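Report on one structure; see the data block that follows.
The values are calculated or read from the model by the stated rules, or taken from the named source; none is laboratory data. Just so we're clear, the structure is a prediction, and the values are computed from it rather than from any experiment. Heads up, the Cβs are rebuilt from the backbone with ideal geometry, glycines too, and the neighbour counts pull from every protein chain shown. Ligands, DNA and RNA are stripped out before the accessible areas are found, and what is left, the full protein with its side chains, is counted by its heavy atoms. Shrake-Rupley method; radii C 1.70, N 1.55, O 1.52, S 1.80 Å.
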Amino acid sequence: MASRDLLHHGMTRRRLLGNAAAGGLALLSPPASAQTTVDLPAPGGPFRLPITTAFPQKGAMILQRTRPPWLETPFEVFDKGVMTPNDQFYVSWHWASFPTDINVDKFNLRVRGHVNNQLTLTLKQVLHEFPQVELAAVNQCSGNSRLFFQPAVAGCQWANGAMGNAVWTGIRLKDVLDRAGVKAGALQVRFSGLDDPLVPGGAKFMKSLDVDHARDGEVMIAYAMNGESFPVVNGFPIRLVVPGWFSVYWLKMLNDIEVLDQPDTNWFTTTGYHIPDTPRASVTPGQADVKTVPITRMVPRSFITNIRSGDSLPSGAPTLARGIAFGGDRGVARVDLSIDQGKSWQPTQLGKDEGKYSFRQWQTQITLPSRGQHVLMVRCTNTDGLAQPDVPIWNPGGYNSNTIESTRVTAS
Ligand SMILES: Nc1nc2c(c(=O)[nH]1)N[C@H]1C(S)=C(S)[C@@H](COP(=O)(O)O)O[C@H]1N2
Ligand SMILES: [Mo]
């Protein structure tokens, strides 16, 4: 069963490894001059950014920043299917120090700390000594859609393309922890990778999960996405996959797993990626003395992918509207669409269920009743009954966006 899925994609686990080794990984070259630009629909007017094709193993991406690479997926990609192609999957790093040339024969994954047996696993062992698992899941940056925060907040000005969905292939973190033998009294499991801080005193990027979460059998050490090894910038050769949780936990180029018997005190756990401990993590700008908590689970979202704001549609005739939705840390129960700015809603038909953590396609026919301006809205409700709200969110980090999307069209 295990490697059959990869065989469908024309490769075995061994070849997957072999390809990467034999292919030789191109060094990251500085992006050549941009071929075209994109105008992201910022609240204050278009935010123009270059499109780049200069990153190895990546196709056309919106260049938010070069070092470290912050590459956004052009939104039209999401209309093509529920799996985001590897070469247009978004990219985000905290430090530009990650290696671009990885020797797969020398790569090791260490498991240490509060365990009975410290492990040093070769990549071959990771690929061959544990049962293989596969799962479709959305990887979304906590700051996806930060561009739309008003007032604007610091950080990468992502529009809606700091997310993607893939079938992840790998092994269970649980199986690796079981081999190491987690000792009684373990509290958390901390993950870090091959990237190091670039400035003196900078915090190394690390994240932790509670030990029960780490052993839930779903958290995965993945070595492939959509049936192929990872592009370097997406975490080659292995990364953590934490289904339903924001991508900050999906540690790339994972080479160190440390079982802790004390709470993790690193900056990215105690301070970074914290959100207000308020409903929906929203506060009033300037609000003081707000208790914060780490961002964790994702919340439902949905998007129209075949109609953009500013488009013209016919009036009085049916038009197909379609898009994608995800339930956050649950499946999608329903997606509803409004053609009257949220006064009334109609159900949509859901596409194939690829698993509760995956994007799900939806579609429906809409008929705009009259000429003139119309606002289309789309709303996902997850299987826990949680629906997207229609009030804007605000917090200083620009995190946890999931307001109902509005698409302004003209019927003629
Ligand atoms: N090693 C490492 N892993 C990391 C990060 C990082 O800076 N270093 N950034 C995290 C964050 S905040 C995001 S949004 C995702 C981005 O994953 P992607 O580049 O594959 O889309 O990687 C996560 N894993
Ligand atoms: Mo992120």
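Data table
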{"read-out": "Output for region 339-363, where each listed residue is surrounded by fewer than 20 Cβ atoms within 10 Å (Cβ to Cβ) and assigned to a strand (DSSP E or B)", "value": "Gln346, Pro347, Gln349, Leu350, Gln363"}
{"read-out": "Flag if Arg146 is closer than 22 Å to Phe326 by Cβ and either within 16 Å of ligand 1 (Cβ to nearest atom) or of a type in the set (Val, Ile, Thr) (or both)", "value": "yes"}
{"read-out": "Single condition Val335 does not satisfy, out of (1) surrounded by 19 or more Cβ atoms within 10 Å (Cβ to Cβ); (2) part of a loop (DSSP other than H, G, I, E, B)", "value": "(2)"}
{"read-out": "Some residue of region 276-288 being within 22 Å of Gly244 (Cβ to Cβ) and part of a strand (DSSP E or B)", "value": "yes"}
{"read-out": "From Tyr249, Tyr223, residue being in the same structural domain as Val167 (by TED's automatic domain parsing) and within 24 Å of Ala159 (Cα to Cα)", "value": "Tyr249"}
{"read-out": "Test: Gly161 is under 23 Å from the mean Cα position of the chain (by Cα) and within 25 Å of Pro50 (Cα to Cα)", "value": "yes"}
{"read-out": "Extreme residue, farthest from Gln132 (Cα to Cα), among residues of region 175-198 that are more than 16 Å from ligand 1 (Cβ to nearest atom) and part of a strand (DSSP E or B)", "value": "Gln188"}
{"read-out": "Qualifying positions in region 199-231 - under 22 Å from Gly355 (Cβ atoms), more than 11 Å from ligand 1 (Cβ to nearest atom) and assigned to a loop (DSSP other than H, G, I, E, B)", "value": "Arg215, Asp216, Gly217, Glu218, Val219, Asn226, Gly227, Ser229"}
{"read-out": "Strands (runs of 3 or more DSSP E) lying entirely in region 50-140 (those with 3 or more residues that are under 28 Å from Ile257 (Cβ atoms))", "value": "108-113, 119-122, 132-140"}
{"read-out": "Pair list, Cβ under 6 Å, 6 or more apart: region 75-88 residue modelled with pLDDT of 95 or more, other residue among the β-branched types (Val, Ile, Thr) and open to solvent by less than 20 Å² (accessible area, probe 1.4 Å)", "value": "Phe78/Thr305; Phe78/Ile324; Asp79/Thr305; Gln88/Thr73; Gln88/Val77"}
{"read-out": "Odd one out for Ile307 among (1) touching a Lys or Arg at 6+ places or on another chain (Cβ under 9 Å); (2) away from ligand 1 (no atom under 16 Å from the Cβ); (3) farther than 21 Å from Asn402 by Cβ; (4) open to solvent by less than 60 Å² (accessible area, probe 1.4 Å)", "value": "(3)"}
{"read-out": "Residues that are of a type in the set (A, V, I, L, M) and under 24 Å from Gly244 (Cβ atoms), drawn from region 329-350", "value": "Val332, Ala333, Val335, Leu350"}
{"read-out": "The listed residue being within 16 Å of ligand 2 (Cβ to nearest atom), within 30 Å of Arg371 (Cα to Cα) and modelled with pLDDT of 95 or more, out of Arg239, Arg334, Arg308, Arg301", "value": "Arg301"}
{"read-out": "Filter pass, Asn116 being touching a helix residue (DSSP H, G or I) at 6+ places or on another chain (Cβ under 9 Å), away from ligand 1 (no atom under 16 Å from the Cβ), open to solvent by 10 Å² or more (accessible area, probe 1.4 Å) and within 29 Å of Ala180 (Cα to Cα)", "value": "yes"}
{"read-out": "Criterion: assigned by TED's automatic domain parsing to the domain that holds Phe55, of a type in the set (S, T, N, Q) and surrounded by fewer than 23 Cβ atoms within 10 Å (Cβ to Cβ) - qualifying residue of Ser142, Ser229, Ser192", "value": "Ser192"}
{"read-out": "Hey, Asn266 in contact (Cβ under 8 Å) with a residue 24 or more places away in the chain and open to solvent by 40 Å² or more (accessible area, probe 1.4 Å) or not", "value": "no"}
{"read-out": "Selection count, region 364-376, where residues are part of a strand (DSSP E or B), surrounded by fewer than 20 Cβ atoms within 10 Å (Cβ to Cβ) and not β-branched (Val, Ile, Thr)", "value": "3"}
{"read-out": "Filter result for Ala159 (within 16 Å of ligand 2 (Cβ to nearest atom) and open to solvent by 40 Å² or more (accessible area, probe 1.4 Å))", "value": "no"}
{"read-out": "Residue check, Glu134 within 23 Å of the chain's Cα centre (by Cα) and surrounded by fewer than 20 Cβ atoms within 10 Å (Cβ to Cβ)", "value": "yes"}
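Here's the yes/no breakdown for (1) under 14 Å from Trp93 (Cα atoms); (2) more than 9 Å from ligand 1 (Cβ to nearest atom); (3) assigned to a loop (DSSP other than H, G, I, E, B); (4) more than 16 Å from the chain's Cα centre (by Cα):
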{"residue": "Val233", "(1), (2), (3), (4)": "yes, no, no, no"}
{"residue": "Pro237", "(1), (2), (3), (4)": "no, yes, yes, yes"}
{"residue": "Leu240", "(1), (2), (3), (4)": "no, no, no, no"}
{"residue": "Pro243", "(1), (2), (3), (4)": "no, yes, yes, no"}
{"residue": "Leu251", "(1), (2), (3), (4)": "yes, no, yes, no"}
{"residue": "Glu258", "(1), (2), (3), (4)": "no, yes, no, yes"}
{"residue": "Thr269", "(1), (2), (3), (4)": "no, yes, no, yes"}
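Each row is one residue, and each column tells you yes or no for (1) under 20 Å from Ser145 (Cβ atoms); (2) small (Gly, Ala, Ser).
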site	(1), (2)
Arg301	yes, no
Ser315	no, yes
Gly327	yes, yes
Gly351	no, yes
Leu376	yes, no
